[in-house]
Amino acid sequence: MRVGIAGGGIAGLTLAWLLDESHEVLLLEERTRLGGNAESVQTMADGGTHVIDLGVRETPVEVSPVWRHIAASAGVPAGDLVATTASRVVFRKHEHPALWVSAAEPADVARPVTTGGAAYRAMVRFAEESARWETEGMSWDVTLDDLLHAWSLPSPSVEHLLCALPASLHGCTLDEARTLSARAVGATFTPPDTVPRTTYLRSGSASLVHALAAGSPSVKLRLGTGLRAVRQVAEGFELVDGAGAVHPVDAVALALPADHALAALSGLAGTGAWQAALNAVAYRQVTYVLHRDPYGMPEDRRVWSAGNTTVEAGRSETTTWYGPSLGVDLFVSQVDHRAGWPRAELARSSFRATLPTPRACRARQRLGAIEEGQRLLFLGHCTTPVETQEAAMASALAVAHHLAPRGPRLRRLRNYLEGG
């Protein structure tokens with residue numbers, strides 16, 4: 001079967017890798033690089049060379065079995081996976097104490113960790129409820145605002161705390177965060193009594209991108225020329241790329257931003273329901289800057305954390321500190337709405353974050369549903385209410401299972417997953 005994949009982010013690359021040994025695959029990517037939100041840069045600090053991620057920066061391996069097994073199968077060395085703290089502080093500039101300070105290590109006595117009070121009780125309740133929502137399959141339609149009203153929290157600062165993390169993650173205001181699906185927001189919360197841990201790739205998230213590409217030697221990659229249009233032809237399709245070239249395929253997999261997929265399908269009959277669903281996915285742009293100075297960090301160094309979220313003027317933005325993971329004072333900050341700029345900027349890049357509103361979550365479920373015989377398919381963040389690399393890879397796994405259920409890589413991966 002000839003499969004055309006549009007989009008060279010982690011979802012499209014994973015699908016190409018899974019199909020490489022079983023189908024003839026063409027992958028179109030409009031940028032001149034692969035990886036999408038996985039973008040790494042190399043820099044010097046304290047006499048050493050370090051690889052820093054501007055986009056995707058971490059993956060909690062313990063809850064990412066698909067990511068873990070695909071990374072290993074693609075050849076990412078086990079030693080490249082480095083476990084580190086995912087400690088967090090949420091604070092208002094020039095105000096003390098912070099709204100929230102998590103533990104950084106099991107025996108954390110130096111940090112003024114939040115262990116009681118209204119903020120602590122709200123975080124505990126939210127984490128407990130989030131776990132229940134996932135277990136019971138709660139509707140994605142309940143908003144964070146619905147929840148906050150039902151809980152009657154004691155102060156605006158506690159509400160700001162619960163809104164700050166999703167607002168930063170999705171590049172929206174605190175008020176917009178209230179319109180997001182509570183279940184989608186809760187999926188990213190860590191229980192407050194747990195020392196948060198995560199994993200980063202020593203060679204950067206781009207190393208996984210390179211491993212997937214190198215492990216797909218038969219895939220025809222076309223960089224710098226994205227998908228312009230999909231046309232129906234007899235039992236198959238034609239893909240028209242940005243240069244006007246036409247590529248006949250038997251199946252199409254769209255791993256694109258929703259608006260790009262919508263544009264590609266605009267002239268294709270019978271796709272009205274999919275187009276309506278794609279139109280429901282909204283975005284916000286988020287710019288990240290790599291820098292050396294402690295811009296965006298709390299004044300009290302005792303509470304410096306891997307993630308440092310400032311709440312200010314109805315927004316929240318986060319600075320990631322690489323001290324806990326790399327032992328160096330390098331920082332990556334969101335800078336779209338803050339006052340001032342980092343003084344020692346090294347690199348920057350912009351990405352688009354989706355807003356998991358109930359409408360968008362319903363649309364994603366529609367786009368991710370696969371029917372027997374379907375040959376126009378969607379994957380990536382347009383099909384997953386929670387936007388993580390694990391979810392993107394899982395969506396690629398579902399499409400691969402549909403197109404090549406007996407594919408050798410898919411079969412081996414399934415054995416890995418079933419074996420733990």
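A353 is checked against (1) of a type in the set (A, V, I, L, M, F, W, C); (2) more than 30 Å from D46 (Cα to Cα); (3) assigned to a strand (DSSP E or B); (4) at pLDDT 95 or above and fails just one. What number does that condition carry?
Condition (4) is where A353 drops out.
Report, by residue number, each residue of the range 402-417 that is closer than 18 Å to A74 by Cα and without any contact (Cβ under 8 Å) to a residue 40 or more places away in the chain.
Across the range 402-417, the qualifying residues are R411, R414, N415.
Please count how many residues of the range 379-390 are buried (at least 22 other Cβ atoms within 10 Å of the Cβ) and in a helix (DSSP H, G or I).
Result for the range 379-390: 4.
Going by the conditions given, is L212 surrounded by 20 or more Cβ atoms within 10 Å (Cβ to Cβ) and in contact with a His (Cβ under 8 Å, 6 or more places away or on another chain)?
no
Tell me, yes or no, whether the range 367-381 has at least one residue that is among the polar types (S, T, N, Q), in contact with a His (Cβ under 9 Å, 6 or more places away or on another chain) and without any contact (Cβ under 8 Å) to a residue 40 or more places away in the chain.
Yes, because at least one residue in the range 367-381 is among the polar types (S, T, N, Q), in contact with a His (Cβ under 9 Å, 6 or more places away or on another chain) and without any contact (Cβ under 8 Å) to a residue 40 or more places away in the chain.
With (1) under 23 Å from Q334 (Cα atoms); (2) part of a strand (DSSP E or B); (3) under 22 Å from the mean Cα position of the chain (by Cα) as the list, and E58 as the residue in question, which single condition is left unmet?
Only one criterion is unmet by E58, namely (2).
Exactly one condition in (1) closer than 30 Å to L376 by Cβ; (2) in contact with a helix residue (DSSP H, G or I) (Cβ under 9 Å, 6 or more places away or on another chain); (3) surrounded by fewer than 21 Cβ atoms within 10 Å (Cβ to Cβ) is false for A45; which is it?
In the conditions (1) closer than 30 Å to L376 by Cβ; (2) in contact with a helix residue (DSSP H, G or I) (Cβ under 9 Å, 6 or more places away or on another chain); (3) surrounded by fewer than 21 Cβ atoms within 10 Å (Cβ to Cβ), A45 misses (1) alone.
Out of curiosity, is P385 under 19 Å from A273 (Cβ atoms), at pLDDT below 90 and touching a strand residue (DSSP E or B) at 6+ places or on another chain (Cβ under 7 Å)?
yes
Where in the range 226-303 are there strands (runs of 3 or more DSSP E), lying wholly inside it, with at least 1 residues that are modelled with pLDDT of 95 or more and surrounded by fewer than 19 Cβ atoms within 10 Å (Cβ to Cβ)?
It comes to 227-233, 236-241, 246-249, 283-291.
I want to confirm something. Restricting to the range 305-317 and keeping residues that are surrounded by fewer than 21 Cβ atoms within 10 Å (Cβ to Cβ) and not acidic (D, E), which single residue is farthest from R362 (Cα to Cα)?
Here the residue is A313.
Would you please name the residue that is nearest to G224 (Cα to Cα), looking only at residues in the range 26-43 that are part of a strand (DSSP E or B) and of a type in the set (A, V, I, L, M, F, W, C)?
Within the range 26-43, the subset part of a strand (DSSP E or B) is 26-29, 35, 40-43.
Restricting the remaining residues to those that are of a type in the set (A, V, I, L, M, F, W, C) gives 26-28, 41.
Numbers: L26: 14, L27: 11, L28: 8, V41: 20 Å.
Among those residues, the one meeting the criterion is L28.
Name the single residue, out of those in the range 1-42 being farther than 20 Å from A243 by Cβ and polar (S, T, N, Q), that is surrounded by the most Cβ atoms within 10 Å (Cβ to Cβ).
This residue is T14.
What is the one condition in (1) crowded, with 21+ Cβ neighbours inside 10 Å; (2) under 19 Å from the mean Cα position of the chain (by Cα) that D336 does not satisfy?
(1)
Give me the helices (runs of 4 or more DSSP H) completely within the range 70-182, filtered to those with at least 2 residues that are in contact (Cβ under 8 Å) with a residue 60 or more places away in the chain and within 30 Å of A11 (Cβ to Cβ), ordered by residue number. First the steps, then the outcome.
On the way: elements: 117-136, 144-151, 156-170, 174-177.
Hits in the range 70-182: 117-136, 156-170, 174-177.
Given the criteria of a type in the set (V, I, T) and under 30 Å from R231 (Cα atoms), does V399 qualify? Walk me through it before giving the result.
Values: of a type in the set (V, I, T): yes; under 30 Å from R231 (Cα atoms): yes.
In short, yes.
Give the number of residues within the range 188-216 that are under 24 Å from G35 (Cα atoms), part of a loop (DSSP other than H, G, I, E, B) and touching a helix residue (DSSP H, G or I) at 6+ places or on another chain (Cβ under 7 Å).
So the answer is 5.
Scan the range 187-207 for residues that are at pLDDT 90 or above, crowded, with 20+ Cβ neighbours inside 10 Å and over 20 Å from P65 (Cβ atoms) and report the count.
Number satisfying all stated conditions: 2.
Please work out which one of (1) buried (at least 17 other Cβ atoms within 10 Å of the Cβ); (2) modelled with pLDDT of 95 or more; (3) on the phi < 0 side of the Ramachandran plot is the condition Y322 fails and give its number.
(2)
The values are calculated or read from the model by the stated rules, or taken from the named source; none is laboratory data. The model shown is predicted, which means the values in this text are computed figures rather than measured ones. Using ideal geometry, Cβ is built from the backbone for each residue, glycine included, and neighbour counts are taken over all protein chains shown.
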